[in-house]
Amino acid sequence: MEMEYWQLLLLPLFFGLGWIAARVDIRHVVQESRVLPRSYFQGLNFLLNEQPDKAIDAFLEVARGDSQTVELHFALGGLFRRRGETERAIRMHQSLIDRDDLGEEVRLQALSELGQDYLKAGLLDRAEEVFIKLQDSSLKDEAQRQLLEIYQLEKDWGKAISVAGELPDLYSGKEIAHFYCELAANELMRSNFEAVEQHLAEALKVHRKCVRASLLQGDMAMQQNLPEQAIAAWQRIEQQDPAYLSLVAQRLLEAYRRLDRAEAGLALLRAYLERYPSLDLLESVYQLELEGEGSEAAYKLVRAELQRNPSLLGLEKLMGARLPLVAPETRGDLELARTIVQGYTRRLARYRCDNCGFRARQFYWRCPACGGWETYPPRRAEEFDSSL
């Protein structure tokens with residue numbers, strides 16, 4: 001298609017308009033760069049040169065000199081909180097709240113940040129007061145999440161249950177069941193069995209597979225000297241989650257002993273070990289075999305289990321059971337090897353949180369590091385990391 005002569009005349013005009021637009025954009029950028037204070041560029045320079053402390057000081061100077069730098073206030077306040085400088089974070093966010101030129105949404109955001117500062121600083125009462133104010137605002141969901149965290153830290157389980165019920169998308173029946181179990185455990189220490197029964201019934205109502213509720217039911221029955229009821233409660237764990245049977249192995253044996261049926265208890269634990277292999281179950285059954293049947297029976301038990309489920313802890317138990325059976329001249333070498341393996345397994349025989357990886361010698365229903373509920377599998381870390 002041939003271009004008309006009059007169209008050629010328009011080309012210089014288009015070039016001219018493009019040149020004018022570019023000049024306008026350049027002038028706009030230059031004007032904005034002149035408006036930005038020198039401290040802002042100094043702060044950027046410090047960041048690029050990996051000098052964060054000097055960068056923070058430079059940005060603070062910008063924030064003090066320009067009342068419009070709201071986002072910079074938020075960024076600095078959050079940075080102070082993450083660094084553990086909660087007093088500076090509180091002052092930064094409080095200065096925003098005290099300003100008269102902020103919109104309502106910005107003020108609410110500043111109030112939320114202030115509540116998080118208080119929470120980080122351990123000032124739970126002040127944090128609770130802030131988030132209660134935010135419950136009637138557009139930040140209601142965030143306020144309730146923070147309040148739930150506060151109530152868990154304060155161990156105010158009644159309030160935790162109330163708030164968690166309003167957050168079904170974040171907190172399932174499993175977490176709420178643990179709140180009821182916490183209430184039940186507190187009442188159990190006071191021997192208030194009626195309250196214990198009520199709390200555990202609620203726990204099983206919201207989460208029928210709540211292992212902890214069954215465990216506490218058995219503990220309550222034992223306190224009331226009702227070993228048969230305790231055994232029935234603990235045996236229900238097999239239908240809820242058999243991995244947790246190791247937590248009640250010693251309890252079950254004690255209940256059978258009260259009934260003068262220790263052999264039946266040992267047979268039950270042997271059956272559990274056969275169906276649901278576990279280092280903790282092996283430990284319990286091994287000790288019982290060693291005490292009741294002697295080294296030969298303990299050795300055969302551990303040897304069979306080690307063939308089915310190899311582990312360093314099983315190997316250490318096998319050596320321990322074998323020691324009394326070997327000739328005296330070879331016992332020293334076996335004892336040395338067992339001591340070396342034992343020192344290693346002690347470092348591995350820990351529970352590990354699936355959520356954050358925190359390790360502990362004892363089992364926790366709630367991780368002390370990340371606060372997750374039921375994030376500790378009832379199995380030792382060796383069963384995941386160091387199987388042979």
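No value in this document is a laboratory result; all are computed from the given coordinates. Every value quoted in this text rests on a predicted model; they were computed, and no experiment measured them. As a convention, Cβ positions derive from the backbone with ideal geometry for all residues, glycine included, and neighbour counts pool all protein chains shown.
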Pairs where the first residue, in the stretch 92-119, is touching a residue at least 12 places away in the same chain (Cβ under 8 Å) and the second is of a type in the set (F, W, Y), C-beta under 7 Å, 6+ apart: M92/F80; E113/F74; G115/F131
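Can you tell me how many residues in the stretch 125-151 are part of a loop (DSSP other than H, G, I, E, B) and either out of contact with any Leu (no Cβ under 9 Å at 6 or more places or on another chain) or of a type outside the set (S, T, N, Q) (or both)?
Total meeting the criteria: 1.
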Condition check for D260: under 29 Å from R190 (Cα atoms) and more than 27 Å from the chain's Cα centre (by Cα): yes
Scope the stretch 139-184; condition touching a residue at least 60 places away in the same chain (Cβ under 8 Å) and either of a type in the set (D, E, K, R) or in contact with a strand residue (DSSP E or B) (Cβ under 6 Å, 6 or more places away or on another chain) (or both); matching residues: E149, K174, E175, H178
Residue selected from the stretch 305-330 under the condition assigned to a loop (DSSP other than H, G, I, E, B) and in contact (Cβ under 8 Å) with a residue 24 or more places away in the chain, by the criterion surrounded by the most Cβ atoms within 10 Å (Cβ to Cβ): S311
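Could you please give the count of residues in the stretch 269-304 that are over 19 Å from P324 (Cα atoms) and either loosely packed, with under 14 Cβ neighbours inside 10 Å or more than 33 Å from the chain's Cα centre (by Cα) (or both)? Before you say what the answer is, go through the steps one by one.
Residues of the stretch 269-304 that are over 19 Å from P324 (Cα atoms), as a first pass: 269-282, 284.
Going one step further and asking which of them are either loosely packed, with under 14 Cβ neighbours inside 10 Å or more than 33 Å from the chain's Cα centre (by Cα) (or both), we end up with 270-271, 274-275.
Summing the residues that are over 19 Å from P324 (Cα atoms) and either loosely packed, with under 14 Cβ neighbours inside 10 Å or more than 33 Å from the chain's Cα centre (by Cα) (or both) in the stretch 269-304 gives 4.
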Out of R208, R212, sole residue that is out of contact with any strand residue (DSSP E or B) (no Cβ under 7 Å at 6 or more places or on another chain), among the charged types (D, E, K, R), farther than 24 Å from L124 by Cβ and touching a residue at least 60 places away in the same chain (Cβ under 8 Å): R212
Top-ranked residue of the stretch 81-108 - restricted to ones that are within 26 Å of the chain's Cα centre (by Cα) and under 17 Å from E71 (Cβ atoms), ranked as surrounded by the most Cβ atoms within 10 Å (Cβ to Cβ): A89
Condition met for L273 (out of contact with any strand residue (DSSP E or B) (no Cβ under 6 Å at 6 or more places or on another chain), among the aliphatic types (A, V, I, L, M), in a helix (DSSP H, G or I) and under 17 Å from A298 (Cα atoms)): yes
Hits in the stretch 98-124 - residues which are hydrophobic (A, V, I, L, M, F, W, C) and either within 23 Å of Q152 (Cα to Cα) or assigned to a helix (DSSP H, G or I) (or both): V106, L108, A110, L111, L114, L119, A121, L123, L124
